[in-house]
1. Give the separation of the Cα centroids, the range 189-255 to the range 96-137, in Å.
2. Leaving out ligands and nucleic acids, and using a 1.4 Å probe, what accessible area per residue does the range 62-122 come to in Å²?
3. For the chain, what is the charge dipole size about the Cα centre, in debye to the nearest 20, if Lys and Arg each add +1 at the Cβ and Asp and Glu each add -1 at the Cβ?
4. From zero outward in steps of 5 Å, how is the percent of C-alpha pairs of the range 184-277 spread across the bins?
5. Provide the three semi-axes, in whole Å and in decreasing order, of the ellipsoid equivalent to the range 53-211 as defined by the square roots of 5 times the Cα gyration tensor eigenvalues.
6. Based on Cα positions only, what radius of gyration and what Dmax would you give for the range 1-102, in angstroms?
7. Please compute, over every Cα-Cα pair in the range 117-170, the percentage with a separation greater than 14 angstrom.
8. In whole percent, and with a 1.4 Å probe on the protein chains, what portion of the accessible area of the range 190-313 is carbon and sulfur?
Amino acid sequence: MRILISGAAGFIGSHLCDRFLAEGHEVVALDNLITGSYANLDTAGGHPRFRFYEHDITQPFDMDGPFDAVCHLASLASPKFYYAYPIATLESGSTGTRNMLEITRRDNARFLLTSTSECYGDPEVHPQVETYWGNVNPVGPRSCYDESKRYAEAMTMTYHRVYGLKSTIARIFNTYGPRMALDDGRVVPAFIDQALRGEPLTVYGDGSQTRSFCYVRDLVDGLVRLLMSEERYPVNLGNPAEMTILEFAHHVRDAVNPGLPIQFQPLPQDDPKRRRPDIGKARRILGWEPLVGLDEGMRDTVEYFRSRVVVAT
Ligand SMILES: NC(=O)c1ccc[n+]([C@@H]2O[C@H](COP(=O)([O-])OP(=O)(O)OC[C@H]3O[C@@H](n4cnc5c(N)ncnc54)[C@H](O)[C@@H]3O)[C@@H](O)[C@H]2O)c1
């Protein structure tokens, strides 16, 4: 296949490039590098079946086709960055998604939208199942991200209904692994960075809020299966093993730097209290479930960050 990927220089996008190249496909990559980096494309970069274009997908563009598949990952993705660039976040979910859908329509290609568990907001249904419509504050500070993804889902479904587009929608839950940006403020790199530096781990609230962490290799496998499926409605992809943020802080501390103190800070507005995917649908229609446990996934992730954290002496 010839595959177009937006957000290719980001954490998940770069792993998706590697996976497609390893399977023998040709990859055309787009990224404006607002949070991504060339370093993430170290493996893909030199490959003869790989081309990279630095471009903002919210601006008009034309790509030589045809493409067999279009994977749309470009978005600001962590609270720190979407608070810093709220308009760009809304733009990548709206105009950016529309631009990627238009290329898909032109080429009658398959389409994958990487949506998010944030579509469920602060959920009143637990675990979150795809038929739940969510509890999102449409005017809060997180809404630039949550609503941009909900709009992107609506746009994708509408292209499917109006043009018969072969579209798929992944609702991704917290994913971690090598190539996450150390400074993106998400809990996995934040804890590992603090632990490697020997600093106290910062927990927001009392740490009783829960999350479920999926290793990136598992997630990428789910994305590829979904892209090739005939399912048009959203599918949750994530690891159903749920833990509190405080438990996770202990896990990182014990693995990296036992004995570090844990510091508590006020909880940000609209922070979801509970997050766990119901992955029954992914199991049923994709034959997919996560295979990498937290110990194994964290070992690789800590190893990756160890070589990047510069500890002052
Ligand atoms: N990592 C997770 O836990 C998670 C969870 C839910 C959803 N997602 C979604 O998965 C996708 C990838 O997330 P990630 O964790 O790899 O984030 P990331 O920030 O590492 O990657 C996103 C990439 O998109 C690029 N980008 C942003 N706006 C762009 C634009 N207008 N034009 C071109 N490129 C642009 C960035 O430079 C970056 O390389 C995102 O759509 C995100 O919303 C991720």
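1. 19 Å
2. So the range 62-122 comes to 36 Å² accessible per residue, rounded to a whole number.
3. Using only the charged Cβ atoms, the result is roughly 420 debye.
4. Reading the bins upward from 0: 3, 12, 20, 20, 16, 12, 8, 5, 3, 1.
5. Details: eigenvalues 186, 75, 39 Å².
Values for the range 53-211, descending: 31, 19, 14 Å.
6. For the range 1-102, the Cα radius of gyration and maximum Cα-Cα distance read 13.0, 38 Å.
7. On the way: 810 of 1431 pairs.
Tail of P(r) above 14 Å: 57 percent of Cα pairs.
8. Its accessible area is 50 percent carbon and sulfur atoms.
The values are calculated or read from the model by the stated rules, or taken from the named source; none is laboratory data. None of the values given here were measured: they were computed from a predicted structure. Please note: Cβ atoms are built from the backbone with ideal geometry, for glycine as well, and neighbour counts cover all protein chains shown. Areas reflect the complete protein model, heavy atoms only, side chains present, ligands, DNA and RNA absent. Shrake-Rupley method; radii C 1.70, N 1.55, O 1.52, S 1.80 Å.
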